[in-house]
1. Among THR37, THR101, which comes first, then next, by fewest other beta-carbon atoms within 10 Å?
2. Return one quarter of the surface area of the convex hull spanned by the alpha-carbon atoms of segment 28-84, equal to its mean projected area, in nm².
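What follows is calculated from the coordinates using simple rules that are stated; it is not laboratory data. The structure presented is a predicted model; accordingly, all values stated were derived computationally and were not measured. Don't worry about glycine lacking a Cβ; one is built from the backbone with ideal geometry, like all the others, and counts go over all protein chains shown.
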Amino acid sequence: MIAVIEASVFPIPPDILLLAMALARPQKALRFSAIATAGSVSGAAIGYAIGMFLFTAIAHPLLEFYHALGRFAEVQDMFAAYGVGIVLIAGFSPIPFKIITIAAGAFGLSFPPFIVAALVSRGARFYLEGALLRWGGASLRQLVERHFEWLTVAVAFVVIGGFALLWL
């Protein structure tokens with residue numbers, strides 16, 4: 001459920017829960033990865049629908065008020081040229097995925113390539129994490145437990161960096 005709402009509206013990535021669950025039960029890490037992938041792709045479809053059906057009604061007046069329609073058009077052109085690539089990169093990276101899923105719907109990216117890109121990128125991300133934890137098992141768990149504070153800071157830095165990339 002966390003993966004569903006993260007890909008559409010929630011600010012916390014599902015990786016944190018996936019990592020915790022996979023560390024607790026490494027033999028089920030790939031199953032947890034499958035669940036996270038399915039949830040995230042379902043959430044991506046919801047984010048796409050939000051962008052497609054609600055963006056104009058809500059965001060257009062705000063963009064107009066802030067005189068940002070020109071910048072919006074530039075981003076729309078970039079999305080038209082590189083939309084699937086943007087989804088692939090964002091789905092695997094720390095860039096907040098919900099922003100990309102909503103933008104894909106708002107900018108009219110074709111849904112089938114969008115959903116395939118979401119499935120490929122989110123699946124790659126979650127299965128890589130699951131595989132590392134499945135086969136890293138106890139030694140990886142000890143590493144995480146020993147350096148939990150630093151890893152938490154690193155994850156926070158990556159999430160904040162993802163948000164910062166959007167504003168550059």
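1. THR37, THR101
2. Values: hull surface 20.7 nm².
Computing the convex hull of the Cα atoms and averaging its projections yields 5.2 nm².
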